[in-house]
Structure formats: C-alpha cells, structure tokens
Amino acid sequence: MAAAATPTVGLTTARTFISSLHKTLMSRAAILSTESKDASMTRLASSSHISLSHSFLQKPNSVILKSKRVVATKAVSSENETSALPGLPIDLRGKRAFIAGIADDNGYGWAIAKSLAAAGAEILVGTWVPALNIFESSLRRGKFDESRVLPDGSLMEITKVYPMDAVFDGPEDVPEDIKTNKRYAGSSNWTVKELVESVKQDFGSIDILVHSLANGPEVAKPLLETSRFGYLAAISASSYSFISLLQNFLPIMNPGGATISLTYIAAERTIPGYGGGMSSAKAALESDTRVLAFEAGRKHKIRVNTISAGPLRSRAAKAIGFIDMMIEYSTTNAPLLKELSAALCYVNSAEEVGNAAAFLASPLASAITGTVLYVDNGLNGMAVSTDSPILEKLHAAKEK
Ligand SMILES: NC(=O)c1ccc[n+]([C@@H]2O[C@H](COP(=O)([O-])OP(=O)(O)OC[C@H]3O[C@@H](n4cnc5c(N)ncnc54)[C@H](O)[C@@H]3O)[C@@H](O)[C@H]2O)c1
C-alpha cells in the first residue's frame, strides 16, 4: 500500500545525477567538512536515496531540464558537518513519524508531515478509510506534487499510507453496518490495534506520533441541541482517539519520542457555532494532554503536547460552515495582523503550525511536555475584539 515508492533510476540518468550531486558535495565539502572528499562521496553513495517526482516518471527525458526535481531525500551532511553548521537546526534525521489524519494536502496533518520531512524524518501516514482511495489515487496521479515540495526543492516522500478508523480500537468493536459498508470494502486492519500491529511488523518502532483528526457529526448544532449520540461521537473521534492511539503506539515508541495533537481555542473560550460537543472534545483533549504527559513521561519517556492552532480552510473546517468568518475575525483582531493563509513572509499558517510541530517533536523541545502551544498569531490572549462597534464608539469619543 506504499503511496509513493522510491523509483530506481536508469544508468545514464543516475550518472548525471551522481555527477551533479558530486559537484554540490564538493562545494559543500570545501566549506564545511574536514574529512576527505572521497570519504564524503562514499557516505553519500550509501546514505542517499534517489527519488524522482511523478512528473519525471511520466516524462523520463525531462530529468535534466527538471534537475531541481531530482533530489537526494537524505541529507548528505554527517553529524560532524551538522555540528559545524551555524544556527540551531531542527534535526529529525533517523526519526520515524506516524501522522494520523491526512486525506488531502489542505489540512494541518499534511503541513506537519511536510515540516517533519523537511527536518529529515521518515513519514508514515494514517488515512481515514472512507477517504483512503481518493487520497492514494491523488497521490499516485501526482495531484499533490506541487504541495509536496520541501524548502530545499525536494519532494516529501510518504513511505507508507495506512488505512485507519480511530473510533474503533479493535475488530471486535466494528459494527455490522461498517463491516459491510462499501467504503470500507477492500481495506483491512484499520482498527487502532491492527494499525499499530501493522506498523510494528513493517517498521518495528516510531519516534513521533501526530494526531491531526477530529470529527463531530453534529458540529453545526448548538451544544444545547446536541444529542447524546452526537456528543459522544465527537468525544470518541476527536479525544478518545488520541488516548487509543497512545495506548497502542507507546509500546513501540522509542524513549525520547514525542506526540502531538491539534486543539482549538474553542476548548477554553466560547466560539458560537463550534457545536455538537466539539468544544467539549477539545477541552478533553487539552486536559488529557496534561494527564497523558505525566503517565507517558513516567512510564515511557515520551512527551505529550498539543498545538492550539488558528483557523485554517481545511476540508474539516469548511464542513463546519463559518471558517472564512473565523479567519477574517482572526486576521482583524489577533496581535499579529497577517492573513494566515497568505502571510507576509514565506510561510502560511499551516506551515507555521507544521514548523511548531517539528520543533515540539525535536530534541530542542526535550523539556516541554503537557503543554498547549498556541500557534494562532496570539489571538488567544485577546479579551476584546478590536473591531467591536463598542470600541469604535470609545475611540471616537476619545478623539472628540
Ligand atoms: N482547520 C482549523 O481551523 C483548525 C483549527 C484548530 C485545530 N484544528 C484541528 O486540526 C486537526 C486537523 O484538522 P484539519 O482542520 O486540518 O482538517 P482535515 O480535514 O485536514 O483533517 C481532519 C482529518 O480527520 C480525519 N478523520 C475524521 N474522522 C476520522 C476517524 N474516525 N479516523 C481517522 N481519521 C478521521 C479526516 O479524514 C481528515 O483527514 C483537527 O484535530 C482539528 O480539530 C483545526
């Protein structure tokens, strides 16, 4: 079920590629490395994976024209070279991340995967079963190629995509109507226990777990009108799912690893319209972050944090129905006044959340656990909206 395999390259192409990499390496080696160029090349040959974009695969002759799309997915620098680099890099090379909740390239899960990949982590993805076919076929057809581009010009590789449904812990929990549902036909081993068993069999262990999923069937209903079913379904898919993933993944997580979930300010302050028990689910997720940080920290040396993210036009958010208003509210009232999705600088909000997640997952955050990290341009700190007509009256009165 590999979504994006690493293709082999023809001999001539490989020579061209190695020659261009050799040039790059030589210039890097001259600046950075104290070891011999031959030793660097030997290391490069053994550590680099040559990977090509889908567009190259479709047009083999375009490899030289599109040389930027021909990349080494593993960094060529050694530990020595890294320590010689200026700055404080987020280095996740050698780490394996499982990101639960990616079904397209618009959501926070995708952005986090990209930042983790840019820092060198290997990426495994868990996709909700009903969305799996379309996600995998879009990936195969190159629909996401443009948004797979990482800051160094290479493309994010997803080593494997796993089907999952986070509301079922084991096969015994799956009701008949889901078992026979045609959207689930053709996929297997997608309950949480079976998923983790598959990851264990395939890879042995992981270092980073990201929970980027939520679901509330009655999200559009006010809490006061939410049914017991809707409320519990929201908690099950959006909060307990994190506990279930931790329960099952912790035994195969390497000590020192990190887990991250995504929350929303509606957990702490009232956001009218974010209903159906979703605000309750996020409140539970934030509280659980603290308790799970204690338990997972003591028992497994694993950190647990959650990112409270600003509004993003993801598929899930669009389904709620007022995401554009929330974005406008945020861009008008947050301390940092920037359009989140077209930021003043080279990043957008999803990337900013991705980068914060990469930091939290890295050794740079080794003493951070049990926290809610706000990545929302500071909106959470505001007690009044600056565009309130009441405040406008106040300002007008002062000016008189
Ligand atoms: N978009 C926002 O404005 C915003 C703001 C703050 C927090 N968040 C949180 O970010 C996380 C990611 O959401 P997003 O907005 O990026 O949307 P998204 O649509 O990209 O991600 C939600 C994912 O959850 C998956 N999913 C739903 N039910 C599932 C289940 N039972 N099992 C497995 N997967 C399931 C969906 O297939 C989808 O891929 C969520 O926790 C969301 O609450 C979003």
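The values are calculated or read from the model by the stated rules, or taken from the named source; none is laboratory data. Computed from a prediction, not measured in an experiment: that's the story for all the values here. Counting neighbours? That spans all protein chains shown, and the Cβs are built from the backbone with ideal geometry, glycine included.
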inquiry  = For segment 380-391, give me each residue that is closer than 13 Å to Thr331 by Cα and at pLDDT 95 or above.
reply    = Asn380, Met382
request  = With the checklist (1) within 30 Å of Ser308 (Cβ to Cβ); (2) within 14 Å of the ligand (Cβ to nearest atom); (3) hydroxyl-bearing (Ser, Thr, Tyr) in hand, flag the one item Tyr184 doesn't pass.
outcome  = (1)
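Those residues that are over 30 Å from Ala118 (Cα atoms), not hydrophobic (A, V, I, L, M, F, W, C) and not in a helix (DSSP H, G or I), I need them from segment 359-400; list them, please.
Residues of segment 359-400 over 30 Å from Ala118 (Cα atoms): 381-400.
Of the ones still in play, those that are also not hydrophobic (A, V, I, L, M, F, W, C) are 381, 385-389, 392-393, 395, 398-400.
Result: Ser385, Thr386, Asp387, Ser388, Lys400.
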task = Quick one: which residue in Ala234, Ala214 is within 12 Å of the ligand (Cβ to nearest atom), assigned to a helix (DSSP H, G or I), buried (at least 17 other Cβ atoms within 10 Å of the Cβ) and not hydroxyl-bearing (Ser, Thr, Tyr)?
result = Ala234
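So that you can scan it fast, the table gives a plain yes or no per residue for (1) out of contact with any Asp or Glu (no Cβ under 7 Å at 6 or more places or on another chain); (2) of a type in the set (A, V, I, L, M, F, W, C); (3) surrounded by 14 or more Cβ atoms within 10 Å (Cβ to Cβ):
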| site | (1), (2), (3) |
| --- | --- |
| Ala357 | yes, yes, yes |
| Ala367 | yes, yes, no |
| Thr371 | yes, no, yes |
| Val375 | no, yes, yes |
| Asn380 | yes, no, yes |
| Asp387 | yes, no, no |
| Lys398 | yes, no, no |
task = Report whether or not Ser239 is within 19 Å of Leu195 (Cβ to Cβ) and either within 11 Å of the ligand (Cβ to nearest atom) or in contact with a Phe, Trp or Tyr (Cβ under 8 Å, 6 or more places away or on another chain) (or both).
result = yes
message = Going by what's in this entry, would Asp207 be described as crowded, with 19+ Cβ neighbours inside 10 Å, at pLDDT 95 or above and away from the ligand (no atom under 11 Å from the Cβ)?
response = yes
request  = For segment 245-257, state whether one or more residues are β-branched (Val, Ile, Thr) and within 15 Å of the ligand (Cβ to nearest atom).
outcome  = no
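Can we say Thr191 is within 12 Å of the ligand (Cβ to nearest atom) and hydroxyl-bearing (Ser, Thr, Tyr)?
Here the answer is yes, as Thr191 does meet what is asked.
Residues checked against (1) farther than 18 Å from Tyr108 by Cα; (2) assigned to a strand (DSSP E or B):
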residue	(1), (2)
Thr270	yes, no
Gly276	yes, no
Glu286	no, no
Leu292	yes, no
Val304	no, yes
Arg313	no, no
Thr331	yes, no
Leu337	yes, no
Asn355	no, no
request  = Look through segment 285-322, keep the residues that are over 22 Å from Ala356 (Cα atoms) and in contact (Cβ under 8 Å) with a residue 12 or more places away in the chain, and return whichever of them is farthest from the chain's Cα centre (by Cα).
outcome  = Lys299
query = Within segment 272-295, is there a residue that is more than 14 Å from the ligand (Cβ to nearest atom) and crowded, with 23+ Cβ neighbours inside 10 Å?
reply = yes
